[in-house]
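Visitor: Handing you this structure, nothing more for now.
The values are calculated or read from the model by the stated rules, or taken from the named source; none is laboratory data. Predicted model, so just to flag it, every value in this text is computed and none were measured. Don't worry about glycine lacking a Cβ; one is built from the backbone with ideal geometry, like all the others, and counts go over all protein chains shown. The area values use the complete protein model at the heavy-atom level, side chains included, leaving out ligands, DNA and RNA. Shrake-Rupley method; radii C 1.70, N 1.55, O 1.52, S 1.80 Å.
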Amino acid sequence: MLKMNTWGMKWDLHMDICPCDAYFNDWVAASKLTGKTFYHFGTGTHHIVGLRQAELGNTVFAITASKEEYDSYVALVAENSLVAKSYLAYFGDIYLSNPRLLPDFDAVTMFHLCEFSHPNTASTEYGGTTDRGLLDMMTDKTRPGGHILFYTRSNGWQASQTIIPTWEKEQPVERVDDFKTLRIYRKKG
Ligand SMILES: C[S@@+](CC[C@H](N)C(=O)[O-])C[C@H]1O[C@@H](n2cnc3c(N)ncnc32)[C@H](O)[C@@H]1O
C-alpha cells in the first residue's frame, strides 16, 4: 500500500510570484461569469478563489495536497456558512483524480500542470495519471463553451508547453484571448 503523494508545504498569498489566482478572479469578473462552477488546482492558504467567487455568485470545487492548506479551509468555512455553501475544497493528489467523482465544470484552472508529478505518480502501483492524462480528464469534465486556463509563469509552464500543442490538436478546444499571464482555451461545442 503506497502513501498518497502530498505537498509538504503551504502557500500564502504571493502576488509578486504567483498572481494566477487573483488573475483568475479578475478574468471571471471581466467576463461577467456568474452562476458558474469552477474546478481550481491549488487553493493556497489564502483561498482567494473560493472567497471571491462566492461574492461573484459562482461555485468552486478546489484541491489541495497540503495538510496545512486543508486545515486553513476547515477553519475558514467553520466560520462562514455562505462560503461553505459555494466553496468546497478537498485534500487529495490531483493525479489520482477519478472522473466518476467529478461533476462537469464551466472552467478549470490547470495553473500547476506539470509541477507536482512524482516519479511514481503514473505507475500502476500508485494509480495516478500523467499530466496529459490529467489534462484530458479535466477537458472531458469541461462543458462545451467552457474554459481551460493555464498559468504561463508557473514552474511547470515549460513542461506544459511540450504537451499543450498535441492536446490542442487532439481535443475539441480552441485558443481564445490571453488574460494577463493566463493562457486560455475554450471547449468547442
Ligand atoms: C505554489 S502553490 C499555489 C497556490 C495558489 N494557486 C496560488 O497561486 O496562490 C501550489 C498549490 O498546488 C497544490 N498542490 C501541490 N501538489 C498537488 C497535487 N499533487 N495535487 C493537488 N494539488 C497540489 C498545493 O497544495 C498548493 O495549493
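Visitor: Which of the residues that make up the range 136-151 are over 22 Å from residue 19 (Cβ atoms) and surrounded by 20 or more Cβ atoms within 10 Å (Cβ to Cβ)?
Guide: Once the filter is applied, which keeps residues that are over 22 Å from residue 19 (Cβ atoms) and surrounded by 20 or more Cβ atoms within 10 Å (Cβ to Cβ), the range 136-151 yields 142, 146.
Visitor: Kindly indicate whether residue 107 is within 24 Å of residue 67 (Cα to Cα) and not hydroxyl-bearing (Ser, Thr, Tyr). Give the steps one after another, and end with the answer.
Guide: Working: within 24 Å of residue 67 (Cα to Cα): no; not hydroxyl-bearing (Ser, Thr, Tyr): yes.
No, not satisfied.
Visitor: Can you tell me which residue within the range 103-133, out of those that are buried (at least 22 other Cβ atoms within 10 Å of the Cβ) and aliphatic (A, V, I, L, M), is nearest to residue 41 (Cα to Cα)?
Guide: Restricting to residues being buried (at least 22 other Cβ atoms within 10 Å of the Cβ) and aliphatic (A, V, I, L, M), the top hit is 110.
Visitor: Can I ask one more? Tally time: how many residues in the range 103-120 are within 8 Å of the ligand (Cβ to nearest atom) and closer than 14 Å to residue 148 by Cβ?
Guide: Number satisfying all stated conditions: 3.
Visitor: Take the residues of the range 78-102 that are of a type outside the set (A, V, I, L, M, F, W, C) and within 9 Å of the ligand (Cβ to nearest atom): which is surrounded by the most Cβ atoms within 10 Å (Cβ to Cβ)?
Guide: It comes out as 95.
Visitor: Can you tell me which residue within the range 167-177, out of those that are free of Cβ contacts under 8 Å to residues at least 12 places away in the same chain and out of contact with any strand residue (DSSP E or B) (no Cβ under 6 Å at 6 or more places or on another chain), is nearest to residue 17 (Cα to Cα)?
Guide: The first filter runs over the range 167-177 and keeps only residues free of Cβ contacts under 8 Å to residues at least 12 places away in the same chain, leaving 169-170, 175, 177.
Next, from what is left, pick out any that are out of contact with any strand residue (DSSP E or B) (no Cβ under 6 Å at 6 or more places or on another chain): 169-170, 177.
Details: 169: 31, 170: 32, 177: 23 Å.
If we take residues in the range 167-177 being free of Cβ contacts under 8 Å to residues at least 12 places away in the same chain and out of contact with any strand residue (DSSP E or B) (no Cβ under 6 Å at 6 or more places or on another chain), then 177 is nearest to residue 17 (Cα to Cα).
Visitor: Answer yes or no: is there a residue in the range 50-63 that is of a type in the set (A, V, I, L, M), within 20 Å of residue 132 (Cα to Cα) and not in a strand (DSSP E or B).
Guide: no
Visitor: For a quick check of your reading of the model, give me the residue pairs whose first member lies in the range 38-50 and is under 19 Å from residue 106 (Cβ atoms), whose second is assigned to a loop (DSSP other than H, G, I, E, B) and open to solvent by 10 Å² or more (accessible area, probe 1.4 Å), with beta-carbon atoms closer than 8 Å and at least 6 apart or on different chains.
Guide: Close Cβ pairs satisfying both conditions: 39/102; 39/141; 41/112; 42/11; 42/112; 48/13.
Visitor: Which of (1) more than 8 Å from the ligand (Cβ to nearest atom); (2) under 18 Å from residue 113 (Cα atoms); (3) at pLDDT below 95 is the odd one out, the single condition residue 18 does not satisfy?
Guide: (1) is the only condition that residue 18 fails.
Visitor: Let me ask something additional. Would you check if residue 6 is part of a loop (DSSP other than H, G, I, E, B), of a type outside the set (Asp, Glu) and closer than 30 Å to residue 123 by Cα?
Guide: Here the answer is yes, as residue 6 does meet what is asked.
Visitor: Same structure, new question: Would you point out the residue of the range 53-71, among those that are among the polar types (S, T, N, Q) and away from the ligand (no atom under 16 Å from the Cβ), that is surrounded by the fewest Cβ atoms within 10 Å (Cβ to Cβ)?
Guide: The selected residue is 59.
Visitor: Here is a follow-up. Would you pick out the residues in the range 71-95 that are among the aromatic types (Phe, Trp, Tyr) and farther than 23 Å from residue 36 by Cα?
Guide: 95
Visitor: Working only within the range 18-49, note down all residues that are touching a His at 6+ places or on another chain (Cβ under 7 Å) and either open to solvent by less than 10 Å² (accessible area, probe 1.4 Å) or part of a loop (DSSP other than H, G, I, E, B) (or both).
Guide: Within the range 18-49, 42, 49 qualify.
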